[in-house]
1. Can you tell me which residues in the range 57-73 are within 28 Å of residue 103 (Cβ to Cβ) and either over 21 Å from the mean Cα position of the chain (by Cα) or of a type in the set (Asp, Glu) (or both)?
2. Please go through (1) surrounded by 10 or more Cβ atoms within 10 Å (Cβ to Cβ); (2) among the hydrophobic types (A, V, I, L, M, F, W, C); (3) more than 18 Å from the chain's Cα centre (by Cα) for residue 16 and return the number of the only condition it doesn't satisfy.
3. If a residue must be in a loop (DSSP other than H, G, I, E, B) and closer than 17 Å to residue 114 by Cβ, how many such residues does the range 81-103 contain?
4. Would you please name the residue that is farthest from the ligand (Cβ to nearest atom), looking only at residues in the range 71-113 that are closer than 18 Å to residue 32 by Cα and among the hydrophobic types (A, V, I, L, M, F, W, C)?
5. Within the range 132-141, how many residues are out of contact with any Gly (no Cβ under 8 Å at 6 or more places or on another chain) and either over 19 Å from residue 186 (Cα atoms) or of a type in the set (Lys, Arg) (or both)?
6. Is it the case that residue 50 is exposed (fewer than 13 other Cβ atoms within 10 Å of the Cβ) and of a type in the set (Val, Ile, Thr)?
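FYI, it's all coordinate maths here, none of it is from the lab. No experiment lies behind these values; they were computed from the predicted model shown. Reconstructed Cβ throughout: ideal geometry from the backbone, glycine too, with neighbour counts over all protein chains shown.
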Amino acid sequence: MKLSRILVVAVLLLLVVFWRPALFFTGGGLVSAGHMVQGFVGGFSRSGEVGTPDDLLKTVLIDNESASRVERVVSGPRRKPEVLAVMCMDPRLNSEVVLGDSRGYYDVVRLPGSVLSGEMIEAIELGVKEHQVELVLFTTHTDCAMEKVAHSEAAEHFPALSNAVHKREEMFQALMSRPLIAQRVKEGKLLVKRFRIETPTGKLLPEEQH
Ligand SMILES: [Zn+2]
């Protein structure tokens, strides 16, 4: 009896000290469990049948109605982005896994091949200037289809994107040279880090292509 009391007190003490990580990881476990359960439902439609574009739209609208109703009840306070991630639009990449967080404290900008157009560079600068993000993760990923296309004959079908893949390094340097970005980095108020995502797991690996 005495031992059980000690255990209860010890658990309560641990919860008082570690309640933030305890809540975060408990919630994360529930989110992952939810994804696993939904994963048993193969296909986008609930019936599992491949439908017409109109069927897809119906599915989206029905699911949006449910999700937005839930959001009305469970959404917390407005979240201020603290990190900005640049990612390829490959559907195998899940930004929630890459950032290890499903609460939305981040901006995500995505184009195939993580290419940096003028608009993308402005989007990143907007995140830094207006959202005050202090960490930018610039990512590419393994087995990137867009990188393969850019280095094959198929590039002629996507000339703008393929050209942008070849110019990615040059555009990255242009991003780092933008006055606001360069100033924030110099002042230690902004960190820009590069990673290559391991596609099957979402793990961030060191970026070696410089
Ligand atoms: Zn890709």
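1. Correct list: 59, 60, 61, 62, 63, 65, 66, 69, 70, 71, 72, 73.
2. (1)
3. Within the range 81-103, residues that are in a loop (DSSP other than H, G, I, E, B) and closer than 17 Å to residue 114 by Cβ number 7.
4. 74
5. 2
6. Criteria met by residue 50.
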